[in-house]
Amino acid sequence: MASIGETLREARMRQHLDITDVEERTKIRAKYLRALENEEFGMLPGSTFVKTFLRTYAEVLGLDPHVLVEEYRATYEPRDDTELQPIAPGGGARPPRERERRYSGGGPGPGTVLVGALVAVVALLLVLGLTSGDNNGSKKTAQTTTGAKPKKKPKRKQPKPKPAPTLVTLQITPNGPVYMCVDRGLGKQVLYNGTTPDPQTFKGKKLRVNLGRTAVAVKVNGKPFPVKQVSNPVGYEFSPTGSKELPQGQRPTCA
């Protein structure tokens with residue numbers, strides 16, 4: 001009859017399976033699968049793992065797991081305690097009372113009594129030392145706590161508010177040629193007047209813009225600004241505190 005390892009190996013090879021294939025199917029590490037095939041059961045954590053892995057391996061290969069597990073029990077597991085009992089001269093196991101009489105002696109000797117007394121004395125000294133130390137420690141702790149002044153919690157410094165911006169940055173990116181008129185306010189400097197397909201950037205305390213078309217992408221201080229999508233020109237005024245849409249009569253004309 002083939003051994004456990006030979007049975008597993010032959011069944012695996014008949015199915016043209018590699019160890020890595022079985023590892024993937026059983027989720028058992030390859031080194032444990034090789035240990036089962038080589039009957040190196042000492043490499044596994046214990047007999048419970050051996051029997052569990054044998055069942056799983058056998059089921060994947062289509063073998064009867066009960067047969068392999070029983071063969072492992074009979075061949076490799078240690079014998080029962082009843083089989084290792086000493087044999088009496090009459091041929092049977094020595095009765096329990098006879099074993100008790102053999103190993104039981106008389107009362108404890110004087111050496112045992114002396115050792116027990118020493119242990120009791122040492123334990124008593126340890127108890128007294130611990131309790132006295134606790135009392136001294138509690139007194140010192142009480143003195144320390146009564147004489148100590150409560151510490152004041154340091155005040156947390158409030159973070160300084162960020163200064164409000166004094167300038168506004170306006171970025172206009174046309175989607176094709178777009179007419180722009182940009183100034184710093186009514187009656188003030190004109191920054192741009194013309195039609196261009198190129199992106200333009202402007203800075204100032206106040207900026208007014210008149211756009212001939214709304215096919216543009218606008219950013220104010222780096223943040224996208226929604227431009228009203230209409231077929232007519234639109235105008236806006238931008239400042240560090242905000243923005244607003246300008247009616248037609250208040251838009252820059254750059255004339």
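In the condition set (1) within 13 Å of LEU170 (Cα to Cα); (2) outside any strand (DSSP E or B); (3) of a type outside the set (Val, Ile, Thr), ASN232 is compliant with all but (1). In the set (1) open to solvent by less than 50 Å² (accessible area, probe 1.4 Å); (2) out of contact with any Lys or Arg (no Cβ under 9 Å at 6 or more places or on another chain); (3) over 16 Å from TYR76 (Cβ atoms), the condition left unmet by ALA35 is number (3).
Residues in the range 217-229 that are under 22 Å from THR166 (Cα atoms), open to solvent by less than 70 Å² (accessible area, probe 1.4 Å) and part of a strand (DSSP E or B): VAL218, VAL220, PHE225. State all residues of the range 56-80 that are among the basic types (Lys, Arg) and either surrounded by 15 or more Cβ atoms within 10 Å (Cβ to Cβ) or outside any helix (DSSP H, G or I) (or both); if no residue qualifies, say none. Hit for the range 56-80 is ARG79, nothing else.
Taking the range 41-51 as the range and being assigned to a helix (DSSP H, G or I) and surrounded by 15 or more Cβ atoms within 10 Å (Cβ to Cβ) as the test, the residues that pass are PHE41, VAL50, LYS51.
Just a yes or no: is a residue in the range 231-242 open to solvent by less than 20 Å² (accessible area, probe 1.4 Å), on the phi > 0 side of the Ramachandran plot and free of Cβ contacts under 8 Å to residues at least 40 places away in the same chain?
No: zero hits.
Limited to the range 207-216, what total is found for residues that are assigned to a loop (DSSP other than H, G, I, E, B) and either exposed (fewer than 15 other Cβ atoms within 10 Å of the Cβ) or in contact with a Lys or Arg (Cβ under 6 Å, 6 or more places away or on another chain) (or both)?
Summing the residues that are assigned to a loop (DSSP other than H, G, I, E, B) and either exposed (fewer than 15 other Cβ atoms within 10 Å of the Cβ) or in contact with a Lys or Arg (Cβ under 6 Å, 6 or more places away or on another chain) (or both) in the range 207-216 gives 1.
Anything in the range 186-200 that is of a type in the set (S, T, N, Q) and open to solvent by 70 Å² or more (accessible area, probe 1.4 Å)? List them, or say none. Selection gives GLN189, ASN193, THR195. Only one entry in ARG55, ARG73, ARG94, ARG101 is modelled with pLDDT of 70 or more and over 15 Å from SER3 (Cβ atoms), namely ARG55.
The values are calculated or read from the model by the stated rules, or taken from the named source; none is laboratory data. Only a predicted model underlies this, so the values are computations on that prediction, with no experimental measurement involved. Heads up, the Cβs are rebuilt from the backbone with ideal geometry, glycines too, and the neighbour counts pull from every protein chain shown. To get the accessible areas, we keep the full protein, side chains included, count just its heavy atoms, and leave off ligands, DNA and RNA. Shrake-Rupley method; radii C 1.70, N 1.55, O 1.52, S 1.80 Å.
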